[in-house]
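Laboratory data are not the source of any read-out in this text; all were calculated from the coordinates shown. As the structure is a computational prediction, the values presented were derived from the model and not from experiment. Glycine gets a Cβ as well: all are built from the backbone with ideal geometry, and neighbour counts include every protein chain shown.
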Amino acid sequence: MTVIQQVSGDRMKIIMFFSLLLLVCSVSADQTETAVQQSDTQDIHAVLRELTASLALQNEQITVLQRENQVKQVAFSASLGKQSPTDTGPFTTETTLIFEHVITNIGNAYNQSTGIFTAPVRGVYHFEFHIFGTAGIRAGGSLFRNGDLICTAYEHPKSGSVSASNGVSLLLEVGDQVSVRLPIGSSIHENQNHHTTFSGHLIFTM
Ligand SMILES: *[C@@H]1O[C@H](CO)[C@@H](O)[C@H](O)[C@H]1NC(C)=O
């Protein structure tokens, strides 16, 4: 073996070594790329799954909010609604007044066949009632929450006609009932002018 042959042999080895190295590098680069692509795809799927889940959650929350907002709109006004002059009472027992003529009933929380308002949501509500009476007999009303008397208004006119009224803000739980009762011995006069009314409004939820 000559010196020249020896050198060219080494050269050959070096060239082959680099070729092999390049091949190995490119193969491993390919593998890395495939691995990266695979993990990218997996990541995208995971992100998509997360997005889908959070979209579903958001839709649910929107539905709940819409329902809550609907339930937050509560206001009613009703009058006794007698079309001709009519006296109600006196009775020997306390009697729930049924304000049959609905003027406003947003949220339908007031029931015109029972005279009872039922809180659809926990919150602070304002109520007021106006009672009209004529001479000679006590005209009055009492506002009740469930079985508890909250406030009363009455007049006992010697002549002419009068109106007695009261109002109150109440924190109500869902299902609490509010109504106006005619006290024993009281009488209300009503006609087509809607003198005797009961109103309630949700001020804010809590
Ligand atoms: C009002 O009350 C009556 C008697 O309890 C009931 O039958 C009716 O369904 C109620 N109306 C509404 C709108 O809730």
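Select from segment 153-168 the residues that are surrounded by fewer than 16 Cβ atoms within 10 Å (Cβ to Cβ), in a strand (DSSP E or B) and either polar (S, T, N, Q) or without any contact (Cβ under 8 Å) to a residue 40 or more places away in the chain (or both) and list them in ascending order.
Across segment 153-168, the qualifying residues are SER161, SER163, SER165.
Hey, does segment 135-143 have a residue that's out of contact with any strand residue (DSSP E or B) (no Cβ under 8 Å at 6 or more places or on another chain) and of a type in the set (Lys, Arg)?
no
Output the number of residues of segment 95-147 satisfying the condition of being more than 12 Å from the ligand (Cβ to nearest atom), touching a residue at least 24 places away in the same chain (Cβ under 8 Å) and not in a strand (DSSP E or B).
Residues in segment 95-147 being more than 12 Å from the ligand (Cβ to nearest atom), touching a residue at least 24 places away in the same chain (Cβ under 8 Å) and not in a strand (DSSP E or B): 9 in total.
Using the structure shown, decide if THR88 is within 16 Å of the ligand (Cβ to nearest atom) and either of a type outside the set (D, E, K, R) or touching a residue at least 24 places away in the same chain (Cβ under 8 Å) (or both).
no
Read through the list (1) away from the ligand (no atom under 16 Å from the Cβ); (2) exposed (fewer than 14 other Cβ atoms within 10 Å of the Cβ), then give the number of the only condition that VAL174 fails.
(1)
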